[in-house]
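Working notes for the structure below.
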Amino acid sequence: MIDKRVATVEEAVAGIRDGATILIGGFGDTGTPFELIHAVLDTGARDLTIVSNNAGNGYVGIAALLEADRVRRVVCSYPRSSDCVVIDRKFREGKVEIELVPQGTLVERMRCAGAGLYGFYTRTAAGTPLVDGKEERIIDGVECVLEKPLRGDVALIKATCADRWGNLVYSKTARNFGPIMATAADLTVVQVSRVVGLGELDPELIGTPGIFVDRIVEVGGAS
Amino acid sequence: MKHLALRTGITPLSRQQIAARAARDVPDGSFVNLGIGMPTLIADHMTAGKEVIYHSENGMLGMGPAPAPGEEDENLVNAGKQFVTLVRGGCYFDSAQSFMMMRGGHLDMVFLGAFQVSETGDLANWVTDDRNTLPSVGGAMDLAVGCRDIRVLMEQVTRDGKPRVLRRCTYPLTAKRAVKRIYTDLAVIDVTESGLVVREMVEGLDFDRLQELTEAPLCLHGNWSLLA
């Protein structure tokens with residue numbers, strides 16, 4: 001029998017090691033698995049590499065990890081936000097390194113990792129300072145740059161509903177990076193608002209098939 | 001641009017007016033992405049009856065206006081992380097599919113804000129030389145390479161009066177040879193194979209004055225018209 005449910009967020013993030021690379025879903029606050037991130041904080045794991053579109057807002061989520069000096073490196077597309085005080089300060093103090101990746105390249109590098117591909121050529125960022133040192137190549141007359149896959153040890157994702165097989169349904173724009181990150185990590189952990197019985201999710205609407213998911217935890221909340 | 005108005009009696013367009021001018025160029029039935037800042041105002045000026053579908057990089061086609069107070073949905077935001085709605089017929093998708101639409105050239109038009117544009121259409125809109133801001137790029141570079149019809153909305157000069165339309169951008173590039181048309185508070189300028197061509201100017205502005213405010217050489221279209 002397959003049952004990916006765990007009872008608590010502590011169990012959900014158990015085993016995350018120092019130095020781990022963690023993919024974290026979300027676009028701003030939308031789709032961000034705050035409860036899982038805070039559970040990682042409680043494990044004491046440090047020297048982490050965080051891969052996420054943003055780099056935290058206020059003092060919660062990724063910002064809380066940064067504030068506690070648990071993060072060595074952030075791979076993201078847009079660390080600036082309305083209240084990005086923590087990443088701003090930690091970056092200036094030299095406590096955290098930022099690898100800035102264009103958003104489409106960021107998600108595609110993870111898609112490659114999940115799809116068993118070893119890279120792709122893209123026009124995005126060719127000829128700009130963001131690709132300094134990367135292999136460039138002219139393809140059909142177009143200047144392109146080689147981008148390599150980006151894999152995580154762990155992915156932390158938020159969805160709306162799941163069943164015990166790990167099938168996921170997302171809500172609206174909270175979907176964002178979830179379906180891609182779920183495929184690109186050795187351990188994919190998902191927080192959901194509700195776990196339903198097998199067969200209750202409409203198979204036509206499943207955003208992530210359960211094969212990509214390892215652990216499911218139900219957390220309170222409206223979404 | 002107040003100084004210009006005082007000295008010459010010329011009234012530059014407001015940000016709303018620049019957006020309204022750009023909105024007039026969007027054909028019925030277009031799939032469009034509006035960048036953060038002035039471009040987002042374009043939607044407010046779209047002619048009723050035109051069916052224009054707005055793409056949002058965080059995973060939505062058919063983005064609608066802001067919800068009524070109290071109707072906000074924490075799972076429904078735009079690229080600027082503001083609450084929005086979905087129009088009838090709209091849909092959601094993941095980030096990989098969203099950027100496929102952008103990079104893959106599936107959008108008809110993209111309107112972006114910019115710090116600088118060069119005479120060959122090079123675009124600088126993601127970072128200045130200000131070392132005090134966190135470097136952030138988001139989807140700017142992906143948007144700027146995929147679509148064949150990229151247009152920029154910006155003021156003709158910076159707050160301290162320096163030209164933004166340059167021979168070469170001095171800020172780090174977002175993309176090379178990307179921009180097709182520039183809408184400013186003074187003019188509408190096309191980027192062509194033979195250089196920058198002024199299509200429209202605000203009333204009272206003469207071409208020589210516009211050239212003084214522009215580092216790159218301009219050429220006035222034989223059939224230019226008033227920008228209003």
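The values are calculated or read from the model by the stated rules, or taken from the named source; none is laboratory data. Since this is a predicted model, take the numbers as computed values, not measurements. Note that we place each Cβ from the backbone using ideal geometry, even for glycine, and neighbour counts take in every protein chain shown. Accessible surface areas use protein heavy atoms only, side chains included; no ligands, DNA or RNA. Shrake-Rupley method; radii C 1.70, N 1.55, O 1.52, S 1.80 Å.
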Do you know which residues across region B:90-100 are out of contact with any strand residue (DSSP E or B) (no Cβ under 6 Å at 6 or more places or on another chain) and open to solvent by 40 Å² or more (accessible area, probe 1.4 Å)?
B:Gln97, B:Met100
For region A:99-119, give me each residue that is assigned to a strand (DSSP E or B) and either open to solvent by less than 30 Å² (accessible area, probe 1.4 Å) or at pLDDT below 95 (or both).
A:Leu100
When only residues in region B:131-187 that are within 30 Å of A:Gly56 (Cα to Cα) and more than 12 Å from every other protein chain (Cβ to nearest Cβ) count, which is surrounded by the most Cβ atoms within 10 Å (Cβ to Cβ)?
B:Val152
Selection from region B:25-79 of residues that are part of a strand (DSSP E or B), without any contact (Cβ under 8 Å) to a residue 60 or more places away in the chain and either of a type in the set (Val, Ile, Thr) or farther than 26 Å from B:Ala96 by Cα (or both):
B:Ile53, B:Val77
What residue, of A:Ala185, A:Ala126, A:Ala174, is more than 10 Å from chain B (Cβ to nearest Cβ) and small (Gly, Ala, Ser)?
A:Ala185
Within region A:120-148, count every residue that is of a type outside the set (Asp, Glu), in a loop (DSSP other than H, G, I, E, B) and either more than 17 Å from A:Ser77 (Cβ to Cβ) or touching a residue at least 12 places away in the same chain (Cβ under 8 Å) (or both).
9
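Matching residues to (1) over 21 Å from B:Ala178 (Cβ atoms); (2) β-branched (Val, Ile, Thr); (3) more than 13 Å from chain B (Cβ to nearest Cβ):
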residue: A:Val96; (1), (2), (3): yes, yes, no
residue: A:Thr105; (1), (2), (3): no, yes, no
residue: A:Arg111; (1), (2), (3): yes, no, no
residue: A:Gly114; (1), (2), (3): yes, no, no
residue: A:Gly133; (1), (2), (3): yes, no, yes
residue: A:Asp163; (1), (2), (3): yes, no, yes
residue: A:Leu168; (1), (2), (3): yes, no, no
Among residues of region A:183-207, those that are of a type in the set (A, V, I, L, M), buried (at least 24 other Cβ atoms within 10 Å of the Cβ) and touching a residue at least 40 places away in the same chain (Cβ under 8 Å), counted
4
In region B:78-89, what residues are more than 8 Å from every other protein chain (Cβ to nearest Cβ), farther than 26 Å from A:Ala125 by Cβ and either open to solvent by 70 Å² or more (accessible area, probe 1.4 Å) or touching a helix residue (DSSP H, G or I) at 6+ places or on another chain (Cβ under 8 Å) (or both)?
B:Gln82, B:Phe83, B:Arg88, B:Gly89
Does A:Thr49 meet the test of being within 24 Å of A:Ala174 (Cα to Cα) and either more than 14 Å from chain B (Cβ to nearest Cβ) or outside any loop (DSSP other than H, G, I, E, B) (or both)?
yes
Consider B:Ser56 against the criteria (1) open to solvent by less than 60 Å² (accessible area, probe 1.4 Å); (2) within 12 Å of another protein chain (Cβ to nearest Cβ); (3) over 26 Å from B:Ala124 (Cα atoms); (4) out of contact with any Pro (no Cβ under 9 Å at 6 or more places or on another chain): it satisfies all of them except one. Which criterion is unmet?
(3)
In region B:105-141, what residues are free of Cβ contacts under 8 Å to residues at least 60 places away in the same chain and farther than 27 Å from B:Val197 by Cα?
B:Asp129, B:Asp130, B:Arg131, B:Asn132, B:Thr133, B:Leu134, B:Pro135, B:Ser136, B:Val137
So, A:Val85, is that one among the β-branched types (Val, Ile, Thr), within 11 Å of another protein chain (Cβ to nearest Cβ), without any contact (Cβ under 8 Å) to a residue 60 or more places away in the chain and open to solvent by 20 Å² or more (accessible area, probe 1.4 Å) or not?
yes
Can we say B:Thr128 is among the polar types (S, T, N, Q) and at pLDDT 90 or above?
no
The lone condition A:Val142 fails out of (1) aliphatic (A, V, I, L, M); (2) under 30 Å from B:Phe83 (Cα atoms); (3) open to solvent by 10 Å² or more (accessible area, probe 1.4 Å) is (2)
